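What follows draws every value from the coordinates through simple rules; no lab data is involved. Remember, predicted model here, so these are calculated numbers, not experimental data. Cβ sites come from the backbone with ideal geometry, for glycine too, and all protein chains shown count toward neighbours.
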Amino acid sequence: MSTQAISIENVKTGEVTEAVYEHPLVVRICHWVNAVSLFVMVGSGLQIFRAFPSFGAKIPQKDLINWPKAFAIGGWLGGALQWHLTFMWIYLATGLVYVGYQLFSGNYKQVLFAPRDLPGVWPMVRHYFFFGPKPPVTEAYNSLQKHAYTSAIGLGVLSVLTGFAVWKPVQFSWLAWMMGGFHLARLWHFLIMWAILAFLFGHLVMVVLHGWNNFVSMLTGWKEDPEYLSK
Amino acid sequence: MNSRIDERKFRRISRRELLKLTPIVALGAFAVPALQKPLLKAGLGFSDWASGKLFRPGHLAPTFADSDLTPFSKFPINDYDVDDPGVDFDRWTLTVAGAVQKPGDYTLAHIQTLPKFTQNTRHVCVEGWDVIGNFGGVRLSDFLKTVGADTTARFLTVQCADDYYESLDMATALHPQTLLCYEMYGQPLTREHGAPLRLNIPTKVGYKQAKYLTDLKVTNVIERVGYWEDQGYSEFYGL
């Protein structure tokens with residue numbers, strides 16, 4: 001599945017290692033821009049939420065949680081809305097460029113979850129969470145990874161759709177209607193944020209566990225010594 | 001087979017690939033204090049521009065059954081300073097000015113001679129809460145016709161008895177659900193809900209729907225957008 005692989009020879013020792021160009025430039029740019037956007041969207045979103053930290057009635061108002069200001073962006077509702085309504089376009093554009101690029105380049109084949117990946121999910125879950133044996137690594141993304149990254153894209157789409165329903169419940173009344181109206185769309189938007197944060201948590205744990213070479217591959221595109229090439 | 005290169009060349013290739021990511025540093029401009037404000041202003045401006053494009057003059061806001069109404073006692077009252085600016089109802093008039101053929105002071109009785117419309121629509125606050133209310137009044141578009149307003153003008157501005165002020169794009173002013181509202185839940189407006197006359201605009205967020213109206217002006221130029229907008233809220237905020 002790998003698009004481009006090379007052998008690297010250390011002239012001094014004569015040692016040869018393999019490297020694969022796993023992450024094309026567009027993917028890497030989208031990844032890091034999105035990391036910034038997501039940070040801003042979550043931070044400003046939580047400041048917006050502080051203005052009415054409830055999903056019930058306004059009268060009487062029962063606050064769900066008093067979200068600390070330190071974990072919010074924008075300082076006040078108006079400031080947070082400026083951040084949110086600015087970065088939502090960057091977030092949306094990045095998503096469109098990413099998905100468009102994946103489809104056009106065919107790069108999606110290495111990461112899109114397909115029915116044939118289904119049998120591989122459970123062995124990976126067993127390995128990560130229940131001390132099961134490690135399944136053989138045969139490609140850049142294992143079944144569980146494909147599942148996670150494909151789900152993350154799905155969550156991204158849902159975050160945009162629920163966001164549009166909250167932002168424009170009249171012009172996109174059909175969207176709001178599908179979500180049970182403006183009131184519930186706001187709740188979905190909030191829950192999807194937490195789902196994305198849950199993905200992000202797992203993602204970061206995996207980044208730490210998989211070490212430096214793996215992390216660098218999202219910067220340079222090249223993964224040195226990928227496990228699936230080792231004989 | 002794979003091509004084979006030496007390590008130094010690979011490091012060079014890797015470094016070049018890393019440097020290709022530098023455009024992302026541009027996002028750092030949002031962290032520069034001097035640039036942050038204009039950038040966010042531009043972002044909000046773009047959002048408002050898109051909002052204007054997304055607005056469809058003939059598209060109606062969803063309406064609801066009487067059984068969906070939020071009880072009147074649970075319809076929130078949001079003011080920026082006082083619940084009751086002490087309007088003298090006997091002497092109250094709506095002063096109309098600007099690009100209109102018949103400027104002057106209009107009494108509530110005069111306004112009420114226009115056809116009355118009632119609607120159960122959702123009132124959405126910028127804070128995030130929403131209620132479904134019953135509103136009654138005359139179409140702003142009918143009133144604008146009465147006063148001979150130039151509907152090619154870009155804006156309509158209003159002044160309120162409590163010094164609150166707002167502005168509205170003409171397309172929204174002419175929307176059939178945009179009301180000069182003098183009734184809620186079949187009763188004359190109470191003081192805290194904006195008596196004797198307020199705006200009810202189901203296609204706009206709450207802060208656009210000014211209460212205790214005293215002045216209305218049709219104009220192409222606005223110096224001030226609105227009480228909250230001038231502090232940084234969205235100028236269009238159409239729902």
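Could you tell me whether region A:61-83 includes any residue that is farther than 23 Å from B:S51 by Cβ, facing chain B (nearest Cβ under 10 Å) and among the aromatic types (F, W, Y)? So far as region A:61-83 goes, no, none of its residues is farther than 23 Å from B:S51 by Cβ, facing chain B (nearest Cβ under 10 Å) and among the aromatic types (F, W, Y).
If you scan region B:6-29, which residues turn out to be facing chain A (nearest Cβ under 8 Å) and either touching a strand residue (DSSP E or B) at 6+ places or on another chain (Cβ under 6 Å) or in a helix (DSSP H, G or I) (or both)?
B:D6, B:E7, B:R8, B:F10, B:I13, B:S14, B:R15, B:E17, B:L18, B:P23, B:I24, B:L27
Checking each residue in region A:113-146 for being more than 20 Å from A:D225 (Cα to Cα), part of a helix (DSSP H, G or I) and out of contact with any helix residue (DSSP H, G or I) (no Cβ under 7 Å at 6 or more places or on another chain) picks out A:P115, A:R116, A:L118, A:P119, A:W122, A:P123, A:R126, A:H127, A:Y128, A:F129.
Report yes if B:L179 is over 28 Å from A:I48 (Cα atoms) and free of Cβ contacts under 8 Å to residues at least 60 places away in the same chain, otherwise no. Answer is no for this residue. Only one of the listed residues (A:S217, A:S173, A:S159) is closer than 30 Å to B:F64 by Cβ, within 12 Å of another protein chain (Cβ to nearest Cβ), surrounded by 16 or more Cβ atoms within 10 Å (Cβ to Cβ) and among the polar types (S, T, N, Q). That residue is A:S173.
Among the conditions (1) part of a loop (DSSP other than H, G, I, E, B); (2) over 24 Å from B:W228 (Cα atoms), the only one that A:Q102 does not satisfy is (1). Within region B:115-131, the set of residues being surrounded by 20 or more Cβ atoms within 10 Å (Cβ to Cβ), of a type outside the set (K, R) and in contact with an Asp or Glu (Cβ under 9 Å, 6 or more places away or on another chain) comprises B:H123, B:V124. The residues on offer are B:Y233, B:Y227, and the sole one that is within 14 Å of another protein chain (Cβ to nearest Cβ), among the aromatic types (F, W, Y), touching a helix residue (DSSP H, G or I) at 6+ places or on another chain (Cβ under 8 Å) and surrounded by fewer than 19 Cβ atoms within 10 Å (Cβ to Cβ) is B:Y227.
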